[in-house]
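First comes the structure, then the notes that go with it.
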Amino acid sequence: RIHADVLGLDEAHVALALAVVSARRTRCGAGRACCAALLSHSAALLPDDREAWIRVARRLRASVLAHAPLLNDGLLGSDDDFAALLLALRANSHVVLDDLSHSYPVGVGVYPAGAMLNHSCFPTAALSFASDGRTLRLRAIVNLKPGDEVTYSYLSEPHLCSPWTERRTLLASAHFFAAEEHPKRTASEAAALSNARVPPEVVRSLEQAARSQIVRVQAAAAQMNAEVARPADSKLTASLHAAVDELRTLLESELEPVLHRAHWLVQDVLASLMCAARALDDPGQLARCALRLIQAREEVLPLGTPQLANMYNAYGSALAKLLRSERVPSGKRPEAAAQAVAALEAACKIRACCFGDDHPLTKATGAAHDRAVEQQQRWQQQPSPPKL
C-alpha cells in the first residue's frame, strides 16, 4: 500500500485494472485488447520508479490470485504486463463525473477512443458522461472544419487558468504530455504579464502573501462545509469572515491596482473568495467575484467552455437569490433581474453546446433561467416609487 500511494496508484485504478482483466475473460479479450493501444509511458520512468511499479504489480497479482482464482496467470499476464496495464490506466483513465451536475467525481473509467485525444489549453471540445459513466460523450464547442484537430482540456478548471509554466509541468508529470502553448493563450498570458505596473520581484512578494491567505481561506471554507450538518459555529464563521476580509483587502488594495485583471493570481484570489462565499451563503460576494472572474476568463478561454458556463451560472443564480430575498435596492432591481436572466441564458447556451439539450445540467440551468424571467417580469410589473 505504501509503494502504491507513493506512485499515485489508488484503489479506484486497481479496481479498474481488474475490471479490464475480467473483461478479457467475459468478452473474449475485448477489455484487455482495447487498452493494448494505450501508451504506458514506462520508457519515461526512472529505473527506480519502473522497478517500484513492477514490485507493486507483483504484490497485487499475488493477492488477486489468492482471492480470485478465476483471474489466473493467463489473464493477468506477467508482472511486467500487469505493471504496464496499471501505468496505461493511470495515464489514460478519466475521472468520471456525475450525470446530473457534471461536477462530482463518482469513479474512474477508461475510454480508449477518448484517450487518443490530445490536450489543449484552448480546447475545441468538451467531455461529459452518461449512463452512470458507461458512456463518454464528446461535443465540439467551436466550429470545426474537416481536418481540424479535436482537443479537450486534461486540466481541471483552476489548473486550466494557471500560468503556462505550471500547466506545462503538470501536464508532463501527471499525463506524460509534452504540451505546446496555444497561440491565443500565449497572447493573453503575455498581456496579463506586460500590464503589471510593478517589477517581477514585487509580484513574487505579492504572490507569497496571497498564497498564504488563500490557503487560510480555503481551509476555513472546507471546515465550514464539513460542519454544514451541525449547528452553526460562530467562532468558525467569524474565522472565515476574518480570512475573507483580509484576502479581499489584499486583492482590492494591492493586487488589482498593479496587476491585469486576467492575471492568474487575481483569478486564484477571486476563485477562493467564491469558495468562501458559498460556504458562508453570501450571494452578494458570490455575484461580485463571479462577475470579475467572467471578465478575466473570457480573455483566456474559449467562450464555449464549461468553465465559463459555471461562472455565468454562479453570477445569475446569486443575483436571483439576492432578488428573492429583497436584498437589492428597489431602484436597482430591474437591472439586476435583467443581468440574472442574461447570465443564466448564457450559461444555458454554453451547457447546451457542451453537453446537449437533454443533459440534466442543461435542463436545470434552463429551468433556473425560466424562473429568473418570471422574476424579472414581476419586477417590471411593479409600479415605480413616486418621485418627490
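Please treat every number below as a calculation from the coordinates, not as lab data. It should be emphasised that the depicted structure is a prediction, and the values quoted were computed from it without experimental measurement. Virtual Cβ from ideal backbone geometry, glycine too; neighbours counted across all protein chains shown.
Using only Cα atoms, find the angle between the long axis of helix 79-92 and the longest principal axis of the chain, and express it within 0 to 90 degrees, rounded to the nearest 10. Computed tilt is about 20 degrees.
Using C-alpha pairs under 8 Å with a sequence gap of at least 6, the mean separation divided by the residue count of the stretch 95-181 gives a relative contact order of 24 percent. For the pair Val106 and Asn225, a Förster radius of 25 Å applied to the C-beta separation gives a FRET efficiency near 0.85, rounded to the nearest 0.05. Rounded, prolate or oblate for the chain? Axes are the square roots of the Cα gyration tensor eigenvalues, ordered a ≥ b ≥ c, and the cut-off for rounded is a/c under 1.5. Prolate, because a/c is 1.5 or more and a/b exceeds b/c. In this simple spin-label approximation, Ala15 and Ala367 carry label points 7 Å from Cα along the Cα→Cβ vector, and these lie 2.9 nm apart. Across the stretch 196-296, C-alpha contacts under 8 Å between residues 6 or more apart give a mean separation that, scaled by the residue count, equals a relative contact order of 33 percent.
If you run the Gaussian network model on the chain, springs between alpha carbon atoms under 10 Å, then out of Gly356, Gly77, Gly304 the most flexible one is Gly77. Here is the list for the stretch 93-157: trypsin sites (Lys or Arg not before Pro) lying in DSSP coil, each with at most 11 other C-beta atoms within 10 angstrom of its C-beta, are Arg134.
With K and R counted +1 and D and E -1, the other residues having a Cβ less than 13 Å from that of Glu299 yield a net charge of +3. Which of rounded, prolate or oblate describes the stretch 95-181 when judged by the alpha-carbon gyration tensor and an a/c cut-off of 1.5? Because a/c hits 1.5 or more and a/b fails to exceed b/c, the stretch 95-181 counts as oblate.
Give the shape of the stretch 262-380 as rounded, prolate or oblate, defined through the alpha-carbon gyration tensor: a ≥ b ≥ c are the square roots of its eigenvalues, a/c under 1.5 means rounded, and otherwise the shape is prolate if a/b is larger than b/c and oblate if not. Oblate. Based on DSSP H runs of at least 4 residues, each adding -39500 (n - 2.57), what is the mean residue ellipticity at 222 nm of the chain after dividing by all its residues, to the nearest 500 deg cm²/dmol? After summing the helix terms and dividing by residue count, I get -20000 deg cm²/dmol.
Between the helical axis of 306-324 and the longest alpha-carbon principal axis of the chain there is an angle of about 40 degrees.
Computed over neighbours whose Cβ is under 14 Å from that of Leu117, the net charge equals 0, Lys and Arg +1, Asp and Glu -1.
Restricting the stretch 311-388 to GluC sites (Glu not before Pro) that sit in a DSSP loop and have at most 11 other Cβ atoms within 10 Å of their own Cβ leaves Glu326. A DSSP coil position with no more than 14 other Cβ atoms inside 10 Å describes the following trypsin sites (Lys or Arg not before Pro) in the stretch 195-228: Arg197.
Extension gain, Ala44 to Lys235, is 63.8 nm, computed as 0.36 nm per intervening residue step minus the present C-alpha separation. Between the helical axis of 234-250 and the longest alpha-carbon principal axis of the chain there is an angle of about 80 degrees.
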